[in-house]
1. In region 10-28, what residues are within 11 Å of GLN42 (Cβ to Cβ) and either assigned to a loop (DSSP other than H, G, I, E, B) or of a type outside the set (A, V, I, L, M, F, W, C) (or both)?
2. Pull out all pairs, ordered by first then second residue, where Cβ-Cβ is under 6 Å, the residues are six or more apart or on different chains, the first lies in region 214-230 and is closer than 11 Å to LEU262 by Cβ, and the second is in a loop (DSSP other than H, G, I, E, B) and of a type in the set (A, V, I, L, M).
3. With the requirement that a residue be β-branched (Val, Ile, Thr), touching a residue at least 60 places away in the same chain (Cβ under 8 Å) and not in a loop (DSSP other than H, G, I, E, B), what does region 137-164 give you?
4. Residues being more than 23 Å from the chain's Cα centre (by Cα), among the β-branched types (Val, Ile, Thr) and modelled with pLDDT of 95 or more: count how many of those fall in region 259-299.
5. Checking the conditions here, which among ALA26, ALA11 is at pLDDT below 95 and hydrophobic (A, V, I, L, M, F, W, C)?
6. Do you know which residues across region 272-299 are more than 20 Å from HIS13 (Cβ to Cβ), buried (at least 20 other Cβ atoms within 10 Å of the Cβ) and not β-branched (Val, Ile, Thr)?
7. So for region 186-194 (the condition being within 32 Å of the chain's Cα centre (by Cα), surrounded by 20 or more Cβ atoms within 10 Å (Cβ to Cβ) and either farther than 29 Å from SER119 by Cβ or aliphatic (A, V, I, L, M) (or both)), does at least one residue qualify?
8. Taking only pairs six or more apart or across chains, which ones have beta-carbon atoms under 6 Å, a first residue in region 14-29 that is closer than 29 Å to ASP271 by Cβ and touching a residue at least 12 places away in the same chain (Cβ under 8 Å), and a second residue that is part of a loop (DSSP other than H, G, I, E, B) and polar (S, T, N, Q)?
Amino acid sequence: MEIIFLGTSSAVHSKERNHPSIAIKAFGETILFDCGEATQRQILHSSVSPMKISKIFITHYHGDHILGLPGLLQSMSLNGRESKLTIYGPKGLNKIKDAIYSLGYCVIEYPVEFIEIDSGIIVDNEEYFITAQRVKHNTLSLAYSIEEKKKPRFLREKAIELGVPVGPAFGRLHNGEEVEIDGKIIKPEQVLGEPRKGTKITYSGDTRPCEEMIMFARDSTLLIHESTFIQKDSINAEEYGHSTSVDAAYTARDSNSKELILTHISTRYGDEYADIMLKEAKKIFENTKLAYDLMEIEL
């Protein structure tokens, strides 16, 4: 999995930080989480191909998380996109759809499906599943996780012991199919080990620290958490429904996440304060990084 931070600012962008958007390249597709203003321009400076974006997940409808949608959708059309795009978001997404299609002279000549969602599993296929969870912001807001499905380990020696010849039957059993060997049925559960947990990436969207977020992020390989404020501005965080770097670090620690990346950084903070933000978090959760625009990591 590749994660590309297209925008890492909060409500007001700066020369260094664009409005929020995160792209994940995995499973032969690109999935976008949030689409702040100028996301399509950030894409031009990244390894992301807009034509390969298959799904967009919106956390909530504050402008810094959605104002890049109209331009991105229209540019895809102008560039000849033909494949379907699916956009997911909490209740109110259909109003966003109507606004996009009524904005100027809007022509989108490829299929776009808008799906309103709530907490629960949103996408479930053979390779991964994506789940949403309501969190605590000053408007309806969702966190998302994407988790890889990993096949159980194939017990080769056990299969041979049961008389399964090395070859295609191994693959069929590993894929969950029964095979017949010399009149005897061998079932997959006879030659498969315990289920294995795949890579899990959790994205908080905008949220106050809350038990829902901790439980949702449980055992994440990577937790991407908003960190709008440093701890001395915790009153502002509470007032506006956001988290501090310390809040994010406690969420990472209490959820047993392996790594934390802070994003959604207020532009009131320059480099000096960004260092403070990172140090505050690392005191609580050592394996913490601070996101910057066009940062790319691989899991």
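The values are calculated or read from the model by the stated rules, or taken from the named source; none is laboratory data. Only a predicted model underlies this, so the values are computations on that prediction, with no experimental measurement involved. Every residue, glycine among them, receives a Cβ derived from its backbone with ideal geometry; neighbour counts consider all protein chains shown.
1. HIS13, ARG17, ASN18, HIS19, PRO20, SER21
2. LEU223/ALA217
3. Within region 137-164, ILE146 is the sole residue that qualifies.
4. Counting residues in region 259-299 that are more than 23 Å from the chain's Cα centre (by Cα), among the β-branched types (Val, Ile, Thr) and modelled with pLDDT of 95 or more gives 1.
5. Values: ALA26 fails: at pLDDT below 95.
When all the criteria are applied, what remains is ALA11.
6. GLU280, ALA281, PHE285
7. no
8. SER14/THR267; ARG17/THR8
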